[in-house]
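The values are calculated or read from the model by the stated rules, or taken from the named source; none is laboratory data. Bear in mind the structure is a predicted one, so any value in this text is a computation, not a measurement. Glycine also receives a Cβ, built like all others from the backbone with ideal geometry; neighbour counts cover every protein chain displayed.
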Amino acid sequence: MNDVVIITEAAAYQIKDMMKDHEEENAYLRVGVKGGGCSGLSYGMGFEHEITEEDQVLEQHGLTVLVKKEDAPILNGTKIDYKQSMMGGGFTIDNPNAIANCGCGSSFRTAANTGTPEEC
């Protein structure tokens with residue numbers, strides 16, 4: 001089975017740095033989807049301290065990644081990377097299931113899930 005979410009080494013390194021900076025070294029990384037954004041769905045990433053039975057648990061580059069089972073089909077194969085540039089750095093999210101993205105890059109929809117679009 002393919003990983004639902006693929007965290008690149010660069011992204012994992014950045015996430016571990018953020019965990020250290022916020023004294024969250026023992027936390028898990030939660031990756032999820034919520035309704036909203038101009039295309040209907042938006043991504044969420046944050047630190048979590050508890051695993052529930054609704055979670056799928058992935059191990060990548062020394063990180064424990066949590067994805068709610070209901071979000072797994074929407075995120076399946078999504079790659080999270082971190083890119084550094086002259087303007088600073090930022091996470092990039094490449095979801096092969098997205099059929100529409102908005103200009104800001106943080107909102108999308110899939111063929112099976114249109115979410116709840118909002119005004120940009």
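Annotations for the structure displayed:
- Screening region 36-100 for strands (runs of 3 or more DSSP E) wholly inside it with 2 or more residues that are modelled with pLDDT of 90 or more, polar (S, T, N, Q) and surrounded by 15 or more Cβ atoms within 10 Å (Cβ to Cβ) returns the ranges 55-60.
- The residue of region 17-30 that is surrounded by the fewest Cβ atoms within 10 Å (Cβ to Cβ), among those that are in contact with an Asp or Glu (Cβ under 8 Å, 6 or more places away or on another chain) and over 15 Å from G89 (Cα atoms), is M19.
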